[in-house]
Ligand SMILES: [Zn+2]
């Protein structure tokens, strides 16, 4: 998603406290994640019925297919919020259950053995306290829209609320007939019984979806289908009063689908719906059913920074491309753990930049990457942590420039080091191997190593598993015989970065470039050169860095 949340001062204070205590290592705890253990879901069949004003679910039934992962499983510990559960069935037989502390423990009458398939049916009703947001839109019309990142979907769907617990999902949504409904997947049917005031929509997604990307949206929307040469239908659902902006605001959508299809692989799903409504984020990338912020159209015609190609605010172009890039990275290939979140956010950030590069040219891309570097460098002054962050407890605090801007820059650096051909070959094979599944940072490393024939462990160790960035300083002295000796120092307080650094030397005779290969924090390099009048470190801006004179 696009974050609109910044690190709060309270969070910064907490982190400062942590740094002060940092030398006492046992105080820094590993975050406990809700990983798959005894069982995992394989399919959700969710039926929900709304009241007239979309204030509650008058009834809901979740039929969940699960498979056990080990022997002697006697308890299925679903994550579930506080809506009252009226019945639980296991393979159509009533089962004992216990609802407590956002859990729904279902007892199995006979312990299940490894690889056993079971169906759990949960019946419930009420108003979810989060996850499914029941709010009026800016026209005052009721809406019900899922907004589930990071682990809020269990407030309205019993599940295993971790991104690795991916499953296919089918939604049956019943709501007043004058509303529109959309959900993950393609619409299988919409029915209205003669004389009935409600309609029932069925949406089916056969690909696996992580829990936070499951969504329904119901409301009185202005809707339409985008025109263009798209491989899948692209439709929009926006507040009635903003319908006039929709086609223009979403005009980068089909070009994004085409750009990323060409760079990576065909679009992973059978449709794309673009919704404007209740989300905490600038945009939320739910699988093939993206929800953009209620403020999406604010300043739409007046924002001064505009996309040259689409004549829409730059921020709109950016968020469109970012959320659509997530359909490949985040949605289809999902991070295995929260520590691998950059595989979602760093990729979406970088691919939104690649969209600019392909559609608006290298200057727009360079400007975008500079802006990202500045955001990360400002953030890094307040907090030092690796991208692969196993400690931050609050998942919302992971929506930080390490996972977004620095993650995007890591990809840019890899592309610079490996060259376009090996880099994109590696990205494509990483995608192919992990689509509809999950991936770790190590999976990405292995794919890029295979494509390039290069060892990348030290690069990943330094950039992904440790904090910081290089702070370079270059100096030179005459080495005699028409040569100069260059000294490249790394002034950061922590370990050296060993990737090659290109240096451009300008003399009265002309320009030349040399590639310095650091072995430590101070590297000397002798080259044939006249007296330098200018030395530029990393002239093509391929390294996330600071330079001090
Ligand atoms: Zn994102």
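Residues considered: 346, 416. Of these, the only one that is farther than 25 Å from residue 210 by Cα and in a helix (DSSP H, G or I) is 416.
Conditions (1) more than 17 Å from residue 424 (Cβ to Cβ); (2) within 12 Å of the ligand (Cβ to nearest atom); (3) not assigned by TED's automatic domain parsing to the domain that holds residue 273, marked per residue:
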| residue | (1), (2), (3) |
| --- | --- |
| 339 | yes, no, yes |
| 345 | yes, yes, yes |
| 348 | no, yes, yes |
| 371 | yes, no, yes |
| 374 | yes, no, yes |
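Return the residues of segment 324-343 that are assigned to a helix (DSSP H, G or I) and either out of contact with any helix residue (DSSP H, G or I) (no Cβ under 8 Å at 6 or more places or on another chain) or under 24 Å from residue 544 (Cα atoms) (or both); say none if nothing qualifies.
At the first step, the residues of segment 324-343 found to be assigned to a helix (DSSP H, G or I) are 324-325, 338-340, 342-343.
If the condition is that a residue be assigned to a helix (DSSP H, G or I) and either out of contact with any helix residue (DSSP H, G or I) (no Cβ under 8 Å at 6 or more places or on another chain) or under 24 Å from residue 544 (Cα atoms) (or both), then 325, 338, 339, 340, 342, 343 are the ones that fit.
Scanning segment 302-322 for residues that are in contact with a strand residue (DSSP E or B) (Cβ under 8 Å, 6 or more places away or on another chain) and more than 15 Å from the ligand (Cβ to nearest atom) returns 303, 305, 306, 307, 312, 313, 314.
Counting the residues of segment 158-187 that are closer than 24 Å to residue 225 by Cβ and within 28 Å of the chain's Cα centre (by Cα) gives 13.
Quick grid of which residues meet (1) within 16 Å of the ligand (Cβ to nearest atom); (2) modelled with pLDDT of 95 or more; (3) within 29 Å of the chain's Cα centre (by Cα):
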position	(1), (2), (3)
2	yes, no, yes
28	no, no, yes
41	no, yes, yes
48	no, yes, yes
69	no, yes, yes
79	no, yes, yes
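From the list 266, 231, 211, the lone residue that is within 30 Å of residue 161 (Cα to Cα) and surrounded by fewer than 18 Cβ atoms within 10 Å (Cβ to Cβ) is 266.
The values are calculated or read from the model by the stated rules, or taken from the named source; none is laboratory data. From a predicted model like this one, the values you see are computed outputs, not experimental measurements. Note that each Cβ is placed from the backbone with ideal geometry, even for glycine, and that neighbours are counted across all protein chains shown.
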